[in-house]
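The values are calculated or read from the model by the stated rules, or taken from the named source; none is laboratory data. Just so it is clear, the structure is predicted and the values come from calculations on it, not from any experiment. Cβ placement follows ideal geometry from the backbone for every residue including glycine, while neighbour counts extend to all protein chains displayed.
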């Protein structure tokens with residue numbers, strides 16, 4: 001199992017609304033993770049900072065660690081624009097790009113990008129096909145249900161990408177939650193960006209991906225999952241007080257279970273229900289949507305947080321990490337929940353020691 005770090009994004013309230021200070025913190029964490037042997041640094045976007053700008057900066061400050069988008073929002077860019085961005089980032093990072101994509105949710109898609117949140121599976125399939133065609137530097141001609149290139153009734157012409165990526169093939173990851181989307185991920189992608197991944201509840205999710213792999217004839221006959229990267233982002237708190245550590249993560253869980261999407265269409269709420277927290281998920285959503293975010297966080301059960309996070313002293317972290325490895329995780333992405341730079345550095349180093357069996361040398365760069 002390899003290690004990744006999720007750097008998040010710059011948004012409201014980050015470092016007192018100082019984007020430069022936020023970027024410096026993200027960069028320090030990425031440089032330290034690079035030194036420790038982490039495999040990839042993921043950068044997110046919502047409706048604050050965009051991912052490619054931060055990714056290019058991180059790539060310029062590191063040497064070995066891959067830079068990944070978790071995620072580039074499909075409704076926010078045309079597939080051709082995403083292919084241009086991916087090719088540019090791959091060239092500038094000397095072949096260290098991992099391209100993570102996702103449809104986002106109905107609130108962001110329709111409220112921010114002005115794109116109807118309809119047929120997410122069909123749009124994702126067509127989008128990936130166009131991106132892959134462009135990255136192969138073939139002339140892009142595509143007539144699908146959601147995308148037509150060139151437009152059939154205008155002066156447009158079929159074009160070919162003019163910049164050449166370093167690699168012949170750039171791996172594509174999809175952020176997916178529901179069973180059908182997971183099956184599509186196995187069929188058309190090289191990896192899965194998972195959220196709220198519980199080793200004890202992930203069997204059905206991985207089986208859906210496996211079905212997609214078999215359908216597309218990917219992997220090997222003996223193991224359809226061969227070559228596929230299972231990448232959950234896991235909140236981690238290094239602490240002797242497990243209870244306090246769990247509560248530190250509760251606002252994050254409440255945001256997704258209660259506030260992401262609409263009451264009728266919240267994939268994370270539905271995931272919590274499938275994990276057996278149906279009653280709790282309904283209460284969290286009611287509280288969050290009524291403006292009681294703090295109460296919603298208080299309503300997130302410790303059992304849910306503990307199932308989807310790694311919290312505790314080193315000995316407990318070792319136990320939890322092994323469960324992720326046993327469940328089939330191939331890249332464990334750490335989302336540090338630290339209250340200081342020193343605590344964050346200790347967390348990253350502890351995870352490297354536990355997963356990679358490596359210890360930072362004296363005088364090494366630290367956040």
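For residue 354, are the conditions met, namely being within 24 Å of the chain's Cα centre (by Cα) and touching a residue at least 40 places away in the same chain (Cβ under 8 Å)? Yes; evaluated as a whole, the condition is true for this residue.
To keep it simple, each residue is scored yes or no on (1) outside any loop (DSSP other than H, G, I, E, B); (2) touching a helix residue (DSSP H, G or I) at 6+ places or on another chain (Cβ under 9 Å); (3) within 25 Å of residue 208 (Cα to Cα).
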position: 123; (1), (2), (3): yes, yes, yes
position: 126; (1), (2), (3): yes, yes, yes
position: 133; (1), (2), (3): yes, yes, no
position: 152; (1), (2), (3): no, no, no
position: 156; (1), (2), (3): no, no, no
position: 161; (1), (2), (3): no, yes, no
position: 177; (1), (2), (3): no, yes, yes
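Those helices (runs of 4 or more DSSP H) of the range 1-117 in which 1 or more residues are more than 22 Å from residue 341 (Cα to Cα) occupy 51-61, 79-92, 106-111. Filtering the range 305-314 to residues that are closer than 10 Å to residue 249 by Cβ and part of a helix (DSSP H, G or I) leaves 305, 306, 308. Among the residues making up the range 163-175, a single one is surrounded by 18 or more Cβ atoms within 10 Å (Cβ to Cβ), assigned to a loop (DSSP other than H, G, I, E, B) and touching a strand residue (DSSP E or B) at 6+ places or on another chain (Cβ under 7 Å): 170.
Taking the range 220-255 only, how many residues are part of a helix (DSSP H, G or I) and surrounded by fewer than 23 Cβ atoms within 10 Å (Cβ to Cβ)? Selection size over the range 220-255: 9. Entry remark, the range 137-150: residues being within 26 Å of residue 89 (Cα to Cα), free of Cβ contacts under 8 Å to residues at least 24 places away in the same chain and either assigned to a loop (DSSP other than H, G, I, E, B) or under 27 Å from the mean Cα position of the chain (by Cα) (or both) number 4 in total.
When the criteria are applied in full, residue 114 meets the requirement of being loosely packed, with under 15 Cβ neighbours inside 10 Å, out of contact with any helix residue (DSSP H, G or I) (no Cβ under 6 Å at 6 or more places or on another chain), at pLDDT 95 or above and on the phi > 0 side of the Ramachandran plot. The residues of the range 259-299 that are assigned to a loop (DSSP other than H, G, I, E, B), modelled with pLDDT under 95 and within 21 Å of residue 198 (Cα to Cα), listed by number, are 260, 266.
Does the range 7-18 contain any residue that is crowded, with 24+ Cβ neighbours inside 10 Å and within 19 Å of the chain's Cα centre (by Cα)? Checking the range 7-18: at least one residue is crowded, with 24+ Cβ neighbours inside 10 Å and within 19 Å of the chain's Cα centre (by Cα).
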